[in-house]
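Participant: Following this message is one structure expressed as structure tokens.
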Amino acid sequence: MNLLLLLILGTIWGSSYLFIKVTVAEVPPLTLVAGRLTLAAVILWAVMVASRQAMPRRRSLWGAYTVMGFFSGTLPYVLISWGEQYISSGLAALLQATMPIFTVLMAHFAIREERLTVASVLGVAVGFAGVAVLMLPDLRQGLHASLWGQAAIVASSASYAGAAVYARLRLRGQSPMASTTGQLTMGAVLTLPLALLIDRPFHLSPSPQAWWAWLGLILLGTVIAYIIYYAIIERTSATFVSMVTYVIPVNGLLLGALVLNEALTLNVLVSAALILAGVVLVRR
């Protein structure tokens, strides 16, 4: 049952890149992210109230939620949405798999107990080699939109990694559900005014396809995914649920190919093998 839940979670998070690709074709990135964070936060507040879970009131915790809301919500969500305007959803899912590689690098300098080992150093090298294989053809053609799109996804992975290390230092022992609700709330507070000011989205008229993709991203990719995520943690461990990292890029690549007819080239497959091998090594 736990393995089935893990596969479902990987499929949902893998599909998020597909939802983003469809939505961002008609909705500006900031507005897409503001809608995602705001509605997800409202739903999670409703879940907290319905389950009679109390939100903490300490200012220091809400300060931490603000940092998490930016580096684990606003910034990476905007970078991914912006990047997917120029690259395929499958490539975005694959490049996002570099997050554990950035995490082990940052943790080495920030957390005394988590030092680099020979295996993790090798994993970092192999993982970044996979990124190089993916980006090299575009680098040869100079700086253009596709390369900037890939760089945005890699930067989002680094942002997620920094947030993960920060959470270990500042949110350890806190309720995961409350922390998620808090960080999504602060992410919405940071993003919504910017979207209203910059995008002025009042006259947008997305197609039904874009609306459904946007709603799927909010309900499936954010709210339901987090609920499943914490259910797995309660039933197993954080180590077990971290294996979802291997499922997400595979599902993202397959869904992009099957639904959007995105090409699975030899270059992409070699890069996927190297990045996943790097993740396996750093997780040892």
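Read-outs throughout are calculated quantities, based only on the coordinates presented, and are distinct from any laboratory measurement. Because the structure is predicted, anything quoted here is derived from the model rather than measured. Please note: Cβ atoms are built from the backbone with ideal geometry, for glycine as well, and neighbour counts cover all protein chains shown.
Participant: List, in order, the whole-Hz ³J(HN,Hα) value for each residue of region 42-53 obtained from phi through the Karplus relation with A = 6.51, B = -1.76, C = 1.60 and θ = phi - 60°; use x for Gly and Pro.
Facilitator: Listing the rounded values in order: 4, 5, 5, 4, 5, 5, 4, 5, 4, 8, 6, 9 Hz.
Participant: For each of Ile227, Ile20, Ile248, count neighbouring Cβ atoms within 10 Å of the residue's Cβ, then give the residues from fewest to most.
Facilitator: Lowest to highest Cβ neighbour count: Ile227, Ile248, Ile20.
Participant: Another question, then. Hey, rough spin-label estimate for Glu234 and Leu269, points 7 angstrom out along Cα→Cβ, what's it come to in nanometres?
Facilitator: Calculated label separation equals 4.2 nm.
Participant: How do Arg112, Arg200 line up, fewest other C-beta atoms within 10 Å first? Before the final figure, lay out the partial values.
Facilitator: Working: Arg112 8, Arg200 11.
Least crowded to most crowded, the residues run Arg112, Arg200.
Participant: Taking a label point 7 Å from the Cα of Ile198 along the Cα→Cβ vector, which residues of region 76-92 have an amide N closer than 20 Å to it?
Facilitator: Only 76-87 fall inside the zone, counting backbone N under 20 Å.
Participant: Convert each backbone phi in region 22-34 into a coupling constant with the Karplus relation 6.51 cos²θ - 1.76 cosθ + 1.60 (shift: θ = phi - 60°), then list the ³J(HN,Hα) values in order as whole Hz, x for Gly and Pro.
Facilitator: Rounded to whole hertz, the list is 5, 6, 5, 5, 10, 10, x, x, 4, 5, 4, 5, 4.
Participant: Once Rh is set to the Kirkwood radius over Cα pairs, what Stokes-Einstein translational diffusion coefficient, in µm²/s, holds for region 174-284 at a temperature of 10 °C and a viscosity of 1.306 mPa s? Working shown, then result.
Facilitator: Values: Rh = 17.4 Å.
Value of D from the Cα-based Kirkwood radius: 91 µm²/s.
Participant: At 0.36 nm per residue, minus the direct Cα-Cα distance, what do Ser60 and Leu219 gain on full extension? Give it in nm, one decimal, please. Don't jump to the answer; show the numbers that get you there.
Facilitator: Working: separation 159, 0.36 × 159 = 57.24 nm, distance 2.93 nm.
Stretched out fully, the Ser60 to Leu219 stretch lengthens by 54.3 nm.
Participant: By how many nm would the segment from Tyr246 to Ala145 lengthen if fully extended, with 0.36 nm per residue of separation less the alpha-carbon distance?
Facilitator: Numbers: separation 101, 0.36 × 101 = 36.36 nm, distance 2.77 nm.
Using 0.36 nm per residue and subtracting the Cα-Cα distance, I get 33.6 nm.
Participant: So what is the relative contact order for region 2-283, in percent, with contacts set as C-alpha pairs under 8 Å and at least six apart?
Facilitator: Values: 400 pairs, mean separation 122.9, N = 282.
Normalised by residue count, the contact order of region 2-283 is 44 percent.
Participant: Next question. What ranking do Glu84, Glu114 get, fewest neighbouring Cβ atoms within 10 angstrom at the top?
Facilitator: Working: Glu84 27, Glu114 16.
Fewest to most other Cβ atoms nearby, the residues stand as Glu114, Glu84.
Participant: Net charge within 14 Å of Phe240 by Cβ-Cβ distance, Lys/Arg positive one each and Asp/Glu negative one each, not counting Phe240 itself? Walk me through the numbers before you get to the answer.
Facilitator: On the way: positive: Arg235, Arg283; negative: Glu234.
Combined, the nearby Lys, Arg, Asp and Glu give +1.
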